[in-house]
Amino acid sequence: MDTFKNEFAADVERAVRDLFSDKDKFCRIDIDEVAGIITRFVIDHENFATINDANQYEACYSILGKAVAITQGWKVNCADEILLPSQTRENLLIYMTETYGAGAVR
């Protein structure tokens, strides 16, 4: 279970970072912060007890899909409001709380 969790976390972080590959366009965003928050969120809300060798690829794509959907939603709706990288965390946490409910983000 921990092996899947660690592998999936690395895949999610890489996928989120790939969505910000245009460094000039996203220079105002702290990409490390975004990748960390979203990775923790999707990994923490996944039931790894149900993942095994037979369904690991399906689970991985499902988790990646969630991470990409969250990231794209925030990027489209809120990322333009950020003027400084230091504003990234608060902006993203507000978006996730308003979208997924209070207590969704730890």
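Bear in mind that the values in this text are calculations on the coordinates, not laboratory data. Here the structure is a predicted model, which is why all the values come from computation and not from measurement. For neighbour counting, all protein chains shown are included, and Cβ atoms are generated from backbone atoms with ideal geometry for every residue, glycine included.
Structural remarks
- Annotation: aspartates and glutamates with alpha-carbon distance below 18 angstrom to Lys5 (same-chain offsets under eight excluded): Glu13, Asp44, Glu46, Asp53, Glu58.
- Bridgeable lysines around Lys25 (alpha carbons under 17 Å apart, same-chain partners fewer than 8 residues away excluded): Lys75.
- Projected label distance in nm at Thr99 and Asp24, using a 7 Å step from Cα toward the beta-carbon: 2.7
- Cα gyration tensor, the chain - rounded (a/c under 1.5), prolate or oblate: prolate
- Contact order for the chain, expressed relative to its length and based on alpha carbon pairs under 8 Å spaced 6+ residues apart, stands at 35 percent.
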